[in-house]
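Read the structure below first, then the notes.
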Amino acid sequence: MEAFLISTGVVALAEIGDKTQLLAFILAAKFKKPWPIIAAIFVSTIANHAFAGAVGSWVTSLVGPETLRWVLGISFIGMAGWTLVPDKFEEEDAKLARFGVFGTTLIAFFLAEMGDKTQFATIALAAKYHNFAAVVSGTTLGMMLANVPAVLLGNKIAERMPTKIVHRIAAGIFLLMGILTLMGVGAGVGL
């Protein structure tokens, strides 16, 4: 349950102000059809995070626990810094309209999420917790918690959300996870 809850919370916070959330705002404004957009975000996120979770699980089979602890600790600390860097959204990411609302959202989200901090977070969390299903379910839920309101309420939320504070909280969580991992906290129970 811990893997699911941590994965949900960290990704939901990290996603606030992320380029994929900005993409959700733009697609909602462009198409004005929230349900196909939400469905496509869900399908795209599952596919992307399942791939990332599989990579994280695979990494654990390649390196020993001590090396993995250092790689994960440093990765979480790196994600803390990365979370503080504001994302920029390229308008080209939303120019796939010929595929319809669902297809455009599916392709745009999948591509925007490739190499994104939430994808790397999923890899690291899957490697740390050794629980593919809980991590992928959690990170997917985190993405949905951040993006569904963006699609449904659009700019009403964007104008009121203190993204700098949310980014700092997410960075703090990543930093704490990195430090605790480097210190070996949870090593006795397989973390």
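For this structure, a couple of remarks:
- The stretch between residue 71 and residue 107, if pulled fully straight at 0.36 nm per residue, gains 9.9 nm over its current Cα-Cα span.
- Relative to the current alpha-carbon distance between residue 183 and residue 5, full extension at 0.36 nm per residue lengthens the span by 61.9 nm.
- Two-site label geometry, residue 35 and residue 148: point separation in nm, points 7 Å out along Cα→Cβ: 1.4
- The calculated FRET efficiency for the pair residue 130 and residue 47, based on their C-beta separation and a Förster distance of 25 Å, comes to about 0.70.
Every number in this text was worked out from the coordinates using simple rules, so none of it is lab data. What you see is a predicted model, and the numbers here were worked out from it, not measured in a lab. Reconstructed Cβ throughout: ideal geometry from the backbone, glycine too, with neighbour counts over all protein chains shown.
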